[in-house]
1. ³J(HN,Hα) across region 15-21 via Karplus (A = 6.51, B = -1.76, C = 1.60, θ = phi - 60°), whole Hz, x for Gly/Pro?
2. Please list the non-local residues whose amide H lies under 5 Å from the amide H of ILE110, H modeled 1.01 Å from N, same-chain partners needing a gap of 5 or more.
3. At a 10 angstrom cut-off on C-beta neighbours, averaged per residue, how do the peptides 84-90, 64-70 rank from highest to lowest?
4. How much length would be gained if the chain were fully extended between ASN27 and LYS50, taking 0.36 nm per residue of separation minus their Cα-Cα distance, in nm to one decimal?
5. Let me check the size of region 11-153 from its C-alpha atoms; what are the radius of gyration and Dmax in Å?
Amino acid sequence: VAKPKSEVWRPEDLATVGELLLDISTNLAQSYGLTYEEIEKSLPLIDTSKTLIREVCPAFLSNVECRPGKYRRYDGLCTNLQNPTWGATLSPFTRLISPRFADSLTAPRISVTGHNLPLSRVVSRTMHPDEGYHDHAGTVMVIAWGQFIDHDYTLTATPLVYRVSQNLRPIF
């Protein structure tokens, strides 16, 4: 992984850095037998400023200087002065609650009995079956608006290459 040739970071560049950091985190967690709590609380505290990672981390996400101005910035930086990168373009999502992965880092969550959880679509269709009632007061615009909002909030860069290793773990 290298810093992009231009100073403009594309989502693909950030995704590559994110995948590298995830691989490093996975190796650290496995090598040291870290618990979920240790991973969640300790790994983000590691100072990477003296490592090779500092060469690939985008400078625009660190040392943000917020200056007073008549208008907000177009990139979303400095909207929250205590946390200037929150809500900025090309920045990671901030979680309201901590995720719970089966392996503490990437594997999909499993039930307390160790089995796979049902697909969310199956749960949704079971809990809210189509009973044939259709409200004609709403238009297709309601659906389009919902899609716009959903995609605006959840659009993230996805890996360009995806394959599965022999032990059925995804490799990017």
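FYI, it's all coordinate maths here, none of it is from the lab. Computed from a prediction, not measured in an experiment: that's the story for all the values here. Virtual Cβ from ideal backbone geometry, glycine too; neighbours counted across all protein chains shown.
1. For region 15-21, the Karplus curve yields 4, 5, 4, x, 5, 4, 5 Hz.
2. ALA102
3. 84-90, 64-70
4. On the way: separation 23, 0.36 × 23 = 8.28 nm, distance 1.91 nm.
My answer for the length gained is 6.4 nm.
5. In order Rg, Dmax, the Cα atoms of region 11-153 give 20.8, 62 Å.
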